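The values are calculated or read from the model by the stated rules, or taken from the named source; none is laboratory data. Because the structure is predicted, anything quoted here is derived from the model rather than measured. Backbone-built Cβ (ideal geometry, glycine too); neighbour counts: all protein chains shown.
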Amino acid sequence: MNKWTFKNILVILLITTTAFSTIKYLSELKLRHRLQDSLLKAQEEITALTQEKQNLLQELEKKKKLKDYLRASINKIARLFRDKSMTQANLEDTNAKFAVLKAENRQLKAKLNSIVELRKAIRELKARKRNTPASPDEGNLGFLIKDGQPTIPGKVKIEVLSAQN
């Protein structure tokens, strides 16, 4: 074959190969650029998801604290209701005792407004005093002076006798 034809074929083949390589290189370059964009987007998503994860963990921690606070508040409210119930029961008991005392007070007033009843009450008190034994708090308990005060009115004469063997 002709040298010229061979050179033309070789030039055409080289131009075709160069064009094909250039097109292939450009397509690979575009693909690389797209992959880098995808990688950047994925990294941004990872950063956003990491931040969202941190926010969710903080929110979860807050909810746990609120749950503990709520549980403590519920326990405190229950304790306050128990205390209220006990206080109310004590109040009702005190009111009942007060009503009884009020009724007794009225009876005593009615009884003591009458001279006859007053005399009967005085006699009952005297009889009770005679019938009950003296408590150990009464009297001098063997002391001549107790708490700096004489326990017996008047003068006390003390005689000392020797014991006989």
Sort through A96, A110 and tell me the only one that's within 30 Å of L125 (Cβ to Cβ), more than 52 Å from the chain's Cα centre (by Cα) and either of a type in the set (K, R) or in a helix (DSSP H, G or I) (or both).
A110
Being surrounded by fewer than 10 Cβ atoms within 10 Å (Cβ to Cβ) and not in a loop (DSSP other than H, G, I, E, B) is the filter here; which residues of segment 1-22 pass it?
K3, W4, T5
Answer residue from segment 127-137, given it is surrounded by fewer than 10 Cβ atoms within 10 Å (Cβ to Cβ) and in a helix (DSSP H, G or I) and is modelled with the highest pLDDT among those
R128
